[in-house]
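Report on the following structure.
The values are calculated or read from the model by the stated rules, or taken from the named source; none is laboratory data. Keep in mind it's a predicted model, so treat the numbers as computed, not measured. Backbone-built Cβ (ideal geometry, glycine too); neighbour counts: all protein chains shown. Accessible surface areas use protein heavy atoms only, side chains included; no ligands, DNA or RNA. Shrake-Rupley method; radii C 1.70, N 1.55, O 1.52, S 1.80 Å.
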Amino acid sequence: MESRSISVERRSTCVNIKIMVKKQRSLQRREESLSRDSIIEASVALLDSGGEDGLTFRALSERLSTGPGAIYWHIADKSDLLTAACDSVVARTIHEIVETTPEETIRAIAAGLFDAISTHPWIGSALTSAPGASPIVRIVESIGQQICQLHVPETHQWTAAGALMAFILGVSSQNAANGQLARRQNLDRTDFLEALSTTWSQLDPEEYPFARSVAGRIRDHDDRADFLAGIDLILMGIESMRLRSQA
């Protein structure tokens with residue numbers, strides 16, 4: 001009886017060991033299949049659907065069918081995760097730019113970022129919350145290289161790049177915020193602009209002569225076209241600055 005009991009106990013121990021090994025191997029395979037890229041891709045999807053509030057390690061764990069510990073192996077915290085997600089979108093946007101002339105390349109970078117921030121509105125705050133991180137550096141570098149190719153004097157290069165950066169990120173982020181507000185309040189863009197145009201057209205002509213004069217243009221203006229026209233104005237200013245420095 002004692003021998004049989006020992007034999008059963010040994011078999012039970014072996015079975016338990018096999019189950020433990022199988023579980024460990026399954027966990028290891030799942031963790032090995034979890035990469036930083038897959039975490040970032042899932043994070044972008046969560047940010048797109050729920051904004052920054054929707055990006056939590058719990059939600060991310062559920063989406064990836066894994067535990068928070070496996071995610072923390074690749075990502076330090078939520079701030080790191082947000083910056084990485086932002087950098088992923090910015091890097092892809094800049095990588096898709098086909099360089100031609102410096103002016104056209106700057107225009108393409110600006111348009112690409114405008115569209116990216118419009119599609120992913122959370123990028124605006126992600127960029128401003130991490131000014132020294134990779135996404136901002138990528139943008140500065142891509143614009144700065146084109147500024148150098150325009151032969152802008154070194155003493156004016158930062159001013160030129162900074163003006164473009166401020167305009168691109170500021171206007172793009174504001175446009176994205178306006179779009180989010182309109183969606184939350186179920187505002188129709190055409191109706192909103194029509195109402196705004198009507199309001200401006202009824203302003204006091206002596207106090208607001210300019211606002212009244214452009215009221216009619218508000219109805220059908222294109223935000224993206226206006227944005228790119230602003231980029232052209234800045235580029236004209238950069239060219240003027242370059243010519244003055246050579247005089």
query: Is it fair to say ALA229 is at pLDDT 95 or above and under 32 Å from the mean Cα position of the chain (by Cα)?
result: yes
- request: Kindly state which helices (runs of 4 or more DSSP H) lie completely within the stretch 52-164 and contain at least 3 residues that are modelled with pLDDT under 95.
  value: 57-64, 68-72, 78-95, 123-129, 134-149
- prompt: Can you name every residue in the stretch 202-247 that is without any contact (Cβ under 8 Å) to a residue 40 or more places away in the chain and surrounded by 15 or more Cβ atoms within 10 Å (Cβ to Cβ)?
  reply: ALA211, ARG212, ALA215, ILE218
task: Go through the stretch 99-111 and give me each residue that's touching a residue at least 60 places away in the same chain (Cβ under 8 Å) and of a type in the set (Asp, Glu).
output: GLU103
- line: Within the stretch 112-141, residues being more than 26 Å from GLN180 (Cβ to Cβ) and either in contact (Cβ under 8 Å) with a residue 40 or more places away in the chain or open to solvent by less than 20 Å² (accessible area, probe 1.4 Å) (or both) number 0
query: If you check every pair at least six apart or on different chains, which have Cβ atoms under 6 Å apart with a residue in the stretch 147-162 that is on the phi > 0 side of the Ramachandran plot first and a residue that is surrounded by 13 or more Cβ atoms within 10 Å (Cβ to Cβ) and part of a helix (DSSP H, G or I) second?
result: none
message: Which residue is surrounded by the most Cβ atoms within 10 Å (Cβ to Cβ), if the candidates are limited to the stretch 36-51 and must be part of a helix (DSSP H, G or I) and of a type in the set (Gly, Ala, Ser)?
response: SER43
